[in-house]
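Right, one structure below, let's go through it.
The values are calculated or read from the model by the stated rules, or taken from the named source; none is laboratory data. On a predicted model such as this, the values are computed, not experimentally measured, just so you know. Positions of Cβ are backbone-derived with ideal geometry, glycine not excepted, and every protein chain shown enters the neighbour counts.
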């Protein structure tokens, strides 16, 4: 008889962590907790998380207070991962499955290097348009979680367990046959839409309406496609078309996570996006001028340059 997953811990209480935590809490308040420390833990205990108008007071455990859980969801920013890897130690037991829903293409390997790839499932989110302000999250499209083993020609027991948990919690999901390709597809999207939206200050609706933004986004994504193909990952122009199908479902006034970070003065995931494209391009002899320009522009924005945003559109012609 298949064992069910009963206890989930989430590390990272941003838009994704709050959203999935609230859905698990609505299923069973005892089935989920956050792992957090310091001021963040105090704030979560005091205010809870409010998602689409409903406040959930999810249990908050300090890293040293956590015990082994069935499922550990990692939903932090790229630059927070090293700290999260240390903070999750007590929550990882012999039967723990770890699922990262982070942006990027390397979080699974970084976590697996410490806790073992045999504990890891690959994961990403697609089509969610959540916007976070402090502890309040709103979304019009929940999208879905794509997850699984690297290859899913048959479903392993732990994949079936997570699928059943997500079914119970009404977390929309999909199990692709090739998770590595899916990770690169999402990475391609983030390199395009996150960075262009942050540089140009555009919502999803504004991106749909701007030929200049779409041209820049496509050019950044094409650099990812060329690198992916050099690394034997099957991305193509058809994937850009598939992204536009997703973009059409997102709330017109909603914003990418990177634009939200810029507007809130938070550190962005610049190094994981354009930075990684540039690095991989050099390794494979592929030019990445568009991502270099985006990288330079976003560095100016992070540094607080007052002229950065105004000068970007003209400086980023492709």
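List of remarks:
- Filtered by the rule that a residue be in a helix (DSSP H, G or I) and either over 23 Å from residue 76 (Cβ atoms) or not assigned by TED's automatic domain parsing to the domain that holds residue 221 (or both), the stretch 295-304 gives 296, 297, 300.
- Within the stretch 278-292, considering residues that are exposed (fewer than 13 other Cβ atoms within 10 Å of the Cβ) and not in a helix (DSSP H, G or I), the one nearest to the chain's Cα centre (by Cα): 287
- Set 157, 212, 223, 237: member being surrounded by fewer than 20 Cβ atoms within 10 Å (Cβ to Cβ), touching a residue at least 60 places away in the same chain (Cβ under 8 Å), touching a helix residue (DSSP H, G or I) at 6+ places or on another chain (Cβ under 8 Å) and over 22 Å from residue 19 (Cβ atoms): 212
- Count of the stretch 160-196 residues, restricted to those that are farther than 30 Å from residue 296 by Cα and without any contact (Cβ under 8 Å) to a residue 60 or more places away in the chain, is 11.
- For residue 275, the test of being without any contact (Cβ under 8 Å) to a residue 24 or more places away in the chain, on the phi < 0 side of the Ramachandran plot and buried (at least 16 other Cβ atoms within 10 Å of the Cβ) is passed.
- Tallying residues that are touching a helix residue (DSSP H, G or I) at 6+ places or on another chain (Cβ under 6 Å) and in a loop (DSSP other than H, G, I, E, B) within the stretch 80-93 yields 1.
- Screening residue 251 against (1) under 17 Å from residue 126 (Cβ atoms); (2) buried (at least 21 other Cβ atoms within 10 Å of the Cβ); (3) out of contact with any strand residue (DSSP E or B) (no Cβ under 8 Å at 6 or more places or on another chain) leaves a single unmet condition, (2).
- Test: residue in the stretch 98-109 that is surrounded by fewer than 18 Cβ atoms within 10 Å (Cβ to Cβ), modelled with pLDDT of 95 or more and not in a loop (DSSP other than H, G, I, E, B): yes
- Residue in the stretch 259-275 that is modelled with pLDDT of 95 or more, in the same structural domain as residue 203 (by TED's automatic domain parsing) and over 19 Å from the mean Cα position of the chain (by Cα) present: no
- Whichever residue in the stretch 62-79 is surrounded by fewer than 18 Cβ atoms within 10 Å (Cβ to Cβ) and in a helix (DSSP H, G or I) and, among such residues, is nearest to the chain's Cα centre (by Cα): 79
- Helices (runs of 4 or more DSSP H) lying entirely in the stretch 126-201 (those with 2 or more residues that are more than 29 Å from residue 292 (Cβ to Cβ) and at pLDDT 95 or above): 157-169
- Search result, residues across the stretch 1-17 that are part of a helix (DSSP H, G or I) and more than 14 Å from residue 59 (Cβ to Cβ): 15, 16
- Sole residue being in the same structural domain as residue 125 (by TED's automatic domain parsing), under 23 Å from residue 133 (Cβ atoms) and touching a residue at least 12 places away in the same chain (Cβ under 8 Å), chosen from 91, 84: 84
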